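Student: Below is a structure I'd like to ask you about.
Any read-out appearing in this document is the output of simple, stated calculations on the displayed coordinates, not a laboratory observation. Owing to the predicted nature of the structure, the values given are computational and were not obtained by experimental measurement. We place every Cβ from the backbone using ideal geometry, glycine too, and count neighbours over all the protein chains shown.
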Amino acid sequence: MLRHVSSALAVALTFAVPAATAAAVQPSAADSVTARAESQKTTLIFADFESAPTGRMSPATFTKELGGTVSSYSLDDSSVVDTGGHRGKVYRIHLEKGTIRDNPSGNHGIVAVSELSRKVNQACIRYRVRFSKDFDFSLGGKLPGLEGVAPGVSPSVPAGGGNPGDKGWSGRMMWVGPEAYSWAGPVNMAVSYMYGPEQESTYGDNVRWNEAFGDGRWHRVKQCYRMNTVGRSNGKLRAWMDREKVLEVTDHVYRLRKDVHVSHLMWDVFRGGGTLDWAGSRDGHIDFDNVKVTTRS
């Protein structure tokens, strides 16, 4: 994986726009209607897991809480845990030592996609996240985010390597360790992990937050995405950790065609990277709570 980075609160992921497409594009009437509709904040997903039964998560529970469909096999490491006190129930992913996503063979973590109830041109995802005490951050791993694909395109396309071109984009999170990237120390760093038509790395671009996750304590994270006008580099990517803004990008290119929007939740939680040096040296878990997807911040 190449190590493309960009500083927080600065212009990041600067892409050149071909001369043929650089001319200003006026919004259509349909775009204006969409913009007015999205000016009203709407909740597309909310999951606090309080009504979910404790124990290993079932496909029915996953669908009720986060939407989409998922198999029992995909949920091998997912459970609902009652932590007691004011926090109540949380979603927990167990990560076994010596494993990454699919090595050794099997399911280690989760990769699941849920289609949103409607396609929008701007959206935010926020959640609370907590890494277990003494968590081995190793080289890093994936955390949930949002994506968009063109009609008829598999939501797996803007991930896993390769440039999706005009087929879509994705914007998950990662934690990355200092041994993976020289800039990630001294413990780990949160990044926006972006695939799109103008990505510079085969395996996605890391846009760093300059903030680290601590083990054993809760963090609030939020990412907001606003689609670019087709033919212009004016998409927005913003991020917050613990209510402090850590990222503001105003020239991102998410799409090359008007039928690509924000359309799916990417519920990805796993270690990796594609090689076992991303594995952890001991078992650990990651907790999530108050997952919310809205049409604006």
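Student: Just want the ordering: VAL260, VAL111, VAL129, from fewest to most Cβ atoms lying within 10 Å of their own Cβ. Intermediate results must be reported in sequence, preceding the final value.
Tutor: Working: VAL260 28, VAL111 18, VAL129 23.
The most exposed by this proxy come first: VAL111, VAL129, VAL260.
Student: I would also like to ask the following. For every other residue with a beta carbon closer than 11 angstrom to the beta carbon of SER156, add +1 if it is Lys or Arg and -1 if Asp or Glu, then tell me the sum.
Tutor: On the way: positive: LYS167; negative: GLU147, ASP268.
Once all neighbours under 11 Å are counted, the net charge is -1.
Student: Another question about this same structure. Straight-line reach from LYS292: which lysines have a Cα under 26 Å away, not including same-chain ones fewer than 8 places off?
Tutor: By straight Cα distance, LYS292 reaches LYS41, LYS64, LYS89, LYS119, LYS133, LYS142, LYS167, LYS222, LYS236, LYS245, LYS258.
Student: At 222 nm, what value in deg cm²/dmol follows for the chain if DSSP H runs of at least 4 each add -39500 (n - 2.57) and the sum is divided by all its residues, to the nearest 500?
Tutor: Details: 2 runs with 18 residues, N = 297.
Estimated from H runs of four or more residues: -1500 deg cm²/dmol.
Student: Compute the helix-to-body angle for 29-38: its Cα long axis versus the longest principal axis of the chain, expressed 0 to 90° and rounded to tens.
Tutor: 30 degrees
Student: Highest GNM mean-square fluctuation, the chain, Cα pairs closer than 10 Å: which of ALA123, ALA279, ALA150?
Tutor: ALA150
Student: Treat the count of other C-beta atoms within 10 Å as a stand-in for reagent exposure and order SER138, SER281 from fewest to most. Don't jump to the answer; show the numbers that get you there.
Tutor: Numbers: SER138 25, SER281 9.
Starting with the residue having the fewest Cβ neighbours, the order is SER281, SER138.
Student: Could you line up THR61, THR83 from fewest to most neighbouring Cβ atoms inside 10 Å?
Tutor: So the residues, fewest neighbours to most, are THR83, THR61.
Student: For the range 134-170 and the range 259-278, what is the separation of their Cα centres, given in Å?
Tutor: 4 Å
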